[in-house]
Amino acid sequence: MIKAAELPDTIAIFPLSGALLLPRARLPLHIFEPRYLQMLEDALKTPARLIGMIQPNEVPGRAGPGLHSIGCAGRITQFSETEDGRYLITLGGVSRFRVVQEVQGFTPYRRCDVKWDGFDRDLGPDEKDSGFDRPEFMTLLGRYFDARELSADWDTLKDADDELLINSLSMMLDFDPEDKQALLEAPSLPTRRETLITLIEYQLRGGSESEMIQ
């Protein structure tokens, strides 16, 4: 486990809309663009092997895509190369960070100076959610999966620890990028669970989609 003192002040940034990484969760990624292949190669040379996942944030008047102020760094825990030079990697979520400024340099990928203050809990053990009404939540989740015609391993979901269940669903379910950002920025597991429930209920009511979900 990485300690707070080992977290670097500058990290490589991978802006990817809709992709969410949370502390202690795992995110599989498919790396194929040359600039991100270079990012992967450079990150593997560092002691922490960190890549910062962050949501792009369109800023009026800006030449290129901006970035949200908060992202989550992941440690490269697995990687394999395909025959045509692509990589399949897995990031293990370490800690959220706050962007201080983007670093101008000669790397083809983006880098940022970051601060880790305020996210000390991310480096600790799994969070618990004492107020979690699992039976009620599973009923709501079942309605959502039925409405979306999705399948699930319900036995695995029922047996999953609170944090694993809530964070995995936050990462996997098809929410808008801004909703993903809200889930990322939730200060605690209970708050993330409440946000997740609100988003599921919103989509069941029709949400912003043109076709109502009954």
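The values are calculated or read from the model by the stated rules, or taken from the named source; none is laboratory data. Note that the structure is a prediction, hence the values are computed from the model and not measured. Glycine also receives a Cβ, built like all others from the backbone with ideal geometry; neighbour counts cover every protein chain displayed.
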* Restricting attention to helices (runs of 4 or more DSSP H) lying wholly within region 135-204, give those where 3 or more residues are farther than 24 Å from GLY124 by Cβ. => 154-159, 177-185, 189-204
* **Conditions (1) surrounded by fewer than 16 Cβ atoms within 10 Å (Cβ to Cβ); (2) under 16 Å from LEU204 (Cβ atoms); number of the one not met by MET172** => (2)
* Structure fact -> Those residues of region 1-60 that are of a type in the set (Lys, Arg), loosely packed, with under 12 Cβ neighbours inside 10 Å and without any contact (Cβ under 8 Å) to a residue 60 or more places away in the chain come to a total of 1
* Those residues that are without any contact (Cβ under 8 Å) to a residue 24 or more places away in the chain, under 27 Å from ASP179 (Cα atoms) and either part of a strand (DSSP E or B) or among the acidic types (Asp, Glu) (or both), I need them from region 62-92; list them, please. => GLY66
* To do: Report, by residue number, each residue of region 63-109 that is within 21 Å of LEU37 (Cβ to Cβ) and of a type in the set (Ser, Thr, Tyr).
  => THR77, SER80, THR82, TYR87, THR90, THR107, TYR109
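Every residue, every condition in (1) modelled with pLDDT of 95 or more; (2) in contact with a Ser or Thr (Cβ under 8 Å, 6 or more places away or on another chain); (3) closer than 17 Å to GLY142 by Cα, yes or no:
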| residue | (1), (2), (3) |
| --- | --- |
| MET172 | no, no, yes |
| LYS180 | yes, yes, no |
| LEU183 | yes, yes, no |
| ILE197 | yes, no, yes |
| LEU204 | no, no, yes |
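I need a count of the residues in region 95-116 that are polar (S, T, N, Q) and in contact with a helix residue (DSSP H, G or I) (Cβ under 8 Å, 6 or more places away or on another chain).
Going residue by residue through region 95-116, those that are polar (S, T, N, Q) are 95, 101, 104, 107.
So of that shortlist, the ones also in contact with a helix residue (DSSP H, G or I) (Cβ under 8 Å, 6 or more places away or on another chain) come out as 95, 107.
Of the residues in region 95-116, 2 are polar (S, T, N, Q) and in contact with a helix residue (DSSP H, G or I) (Cβ under 8 Å, 6 or more places away or on another chain).
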* Consider GLU127 carefully, then state whether it is without any contact (Cβ under 8 Å) to a residue 60 or more places away in the chain and either closer than 29 Å to ALA73 by Cα or outside the structural domain of GLN55 (by TED's automatic domain parsing) (or both). => no
* Asked: Say we look at region 113-132 and pick out the residues that are of a type in the set (A, V, I, L, M, F, W, C) and within 15 Å of SER95 (Cα to Cα); which of these is surrounded by the most Cβ atoms within 10 Å (Cβ to Cβ)?
  -> VAL114
* Within the bounds of region 93-110, is there any residue that is among the hydroxyl-bearing types (Ser, Thr, Tyr), part of a strand (DSSP E or B) and closer than 30 Å to PRO190 by Cα? -> yes
* Asked: Any residue at all in region 99-109 that is closer than 29 Å to ALA4 by Cα, surrounded by fewer than 15 Cβ atoms within 10 Å (Cβ to Cβ) and outside the structural domain of ARG24 (by TED's automatic domain parsing)?
  -> no
* Counting only residues that are among the basic types (Lys, Arg) and in contact (Cβ under 8 Å) with a residue 60 or more places away in the chain, which one in region 136-161 is surrounded by the fewest Cβ atoms within 10 Å (Cβ to Cβ)? -> ARG148
* Asked: Which residue out of LEU29, LEU20 is in a loop (DSSP other than H, G, I, E, B), under 20 Å from the mean Cα position of the chain (by Cα) and at pLDDT 95 or above?
  -> LEU20
